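Each value in this text was obtained by applying a stated rule to the coordinates, not by laboratory testing. Computed from a predicted model, the values in this text were never measured in an experiment. Reconstructed Cβ throughout: ideal geometry from the backbone, glycine too, with neighbour counts over all protein chains shown.
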Amino acid sequence: MTEEHHGPVRLLPWSGPDGKPCYLVGEGGGYVSRVADEIEGVQLGMADAILGHAEDMLGGRRVTSRELRFLARGLADALRDVRRIAESRGLGRPRRGRERDGNCGV
């Protein structure tokens, strides 16, 4: 069954229980949209913090392989969040098989 939606579609900064992306259909002024904005703000703040930590950590002192793995995990998580936010806002590169006009497979 295919449902037809009218209005903008926003990729939310969380996934459903099965790991699939969640979308919000509508103008974006409601409660869910505000919660998503707050979560994205926290994610961007965390990305800034981990980037600053990486710059400090790699700025001259020797680091262990364990520290580097931990840093790489944090940077990968932050990059994934930032990429998702960019995609949500229409700033990300469209994935193969997707149109830039908002088709999202909903």
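For residue 22, the residues 5 or more places off, or on other chains, whose built amide H falls under 5 Å of its own are 12, 14, 16. Summing Lys and Arg as +1 and Asp and Glu as -1 over all other residues whose Cβ lies under 15 Å from the Cβ of residue 50 gives a net charge of -2.
Computed from backbone phi, the HN-Hα couplings of the stretch 71-85 come to 5, 4, 4, x, 5, 5, 4, 5, 5, 4, 5, 5, 4, 5, 5 Hz, rounded to whole numbers (Karplus: 6.51 cos²θ - 1.76 cosθ + 1.60, θ = phi - 60°; Gly and Pro given as x). About the centre of its Cα atoms, the stretch 9-53 shows a dipole size close to 120 debye [charges on the beta carbon of Lys, Arg (+1) and Asp, Glu (-1) only; nearest 20 debye]. Within 10 Å, Cβ to Cβ, of residue 28, how many net charges do the neighbouring residues add up to if Lys/Arg are +1 and Asp/Glu are -1? Counting the neighbours of residue 28, the net charge comes to 0.
Phi-derived couplings, Karplus 6.51 cos²θ - 1.76 cosθ + 1.60 at θ = phi - 60°, listed residue by residue for the stretch 13-22: x, 9, 10, x, x, 8, x, 7, x, 10 Hz, with x used for Gly and Pro.
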